[in-house]
1. Just order 227-239, 183-195 by mean Cβ neighbour count inside 10 Å, highest at the front, would you?
2. In square nanometres, what is one fourth of the surface area of the convex hull spanned by the alpha carbons of the range 214-287?
3. Once the other residues with Cβ under 12 Å from the Cβ of A176 are scored (Lys, Arg +1; Asp, Glu -1), what is the net sum?
4. Mind putting a number on the dipole of the range 205-289 about its Cα centre? Charges go on the C-beta only, +1 for Lys and Arg and -1 for Asp and Glu, and I need it in Debye to the nearest 20.
5. Given the Cα-Cα distance of T279 and Y39 and 0.36 nm per residue of separation, how much length would full extension add, in nm?
6. Could you compute the net charge surrounding M220? Neighbours are other residues with a C-beta less than 13 Å from the C-beta of M220; K and R count +1, D and E count -1.
7. Report the label-to-label distance for E61 and E8 in nanometres (one decimal), using points 7 Å from each Cα along the Cα→Cβ vector.
8. Students often forget the sequence filter, so: which lysines lie under 22 Å Cα-Cα from K14 once same-chain residues fewer than 8 apart are removed?
Amino acid sequence: MNFAFSEEQEELRKTVRSFLDQKSPETEVRRLMETDEGYDPAVWKQMGEQLGLQGLIVPEEFGGSGYSYVELGVVLEEMGRALLCAPYFSTVVLAGNALLHSGDDAAKKDYLPGIASGETIATLAFTEPSGKWDEAGITMEATKTLSTVLDLAAVALAAEQVGGAQKVLDMSVEYAKVRIQFGRPIGSFQAIKHKCADMLLEVESAKSAAYYGMWCASEMNDELPSVASLAKAYCSEAYFHSAAENIQIHGGIGFTWEHPAHLYFKRAKSSELLFGDPTYHRELLAQRIGI
């Protein structure tokens, strides 16, 4: 296997990052957080019509581009980096994958073209009143298709988490270079060096886990279930730890609501719990590999 991204994939990353830098700056994220809709319909329309992001993994016969899960992972990584406020994950990753793997051709024909164009916003109803992710909390009949969709969702979320983790690492390193304390940059102090080094190790390891998950999802091979849980568990902890350390490195200013560090910290915590926390996924991984 080759973990290096192709020239076309790197160009996709560059295009999406440029778009999100313009459409999802911190000021816009904060504005949308206060609205009832939670997203900008005009930006959502641009994503669908101009960039074709909603139809990225939708087959061409249903109005999409027919790209692989690797390209989707690249897009989600950039969205995590920018904290994009949009129903992309629910529509494309959850509802889109549920339709793609449903075996229901009529449903695909009815809904996938709308999802691909950006006209349809959708989601997947999964958890029940208990709110639990394990078998004990679910009364509906489990199917292989549902498990596959949740594994694909875990991989997708891991890719998004990696984008956020890389961003808070970048924020930490940049601040450590410019913040002067006792006449020298704080990055020259051993305590800060160690924090940044530990974050770098975790973020790079998280990338390896997420990218491997993206490859398994693209190939739909037998490793997907175990790799999905591994990626979700590791990337969740790496993102949350990096987001917390980012606040510590920024010191007093990092604890204020006016600083973006808290936006990433809250996203890291919510994504850590979504689809099951790291403890749940480590237990699931152990079961899946027969430990």
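Laboratory data are not the source of any read-out in this text; all were calculated from the coordinates shown. Since we're looking at a predicted model, the values are computed, not measured. Neighbour counts run over all protein chains shown; Cβ positions are idealised from the backbone, glycine included.
1. So the order, starting with the most tightly packed, is 227-239, 183-195.
2. For the Cα atoms of the range 214-287, the hull's average projected area reads 5.6 nm².
3. +2
4. Approximately 140 debye in magnitude.
5. Full extension from T279 to Y39 adds 83.2 nm.
6. Here the charged neighbours net out to -3.
7. Here the modelled spin labels are 2.0 nm apart.
8. Cα-Cα hits under 22 Å: K23, K45, K167, K207.
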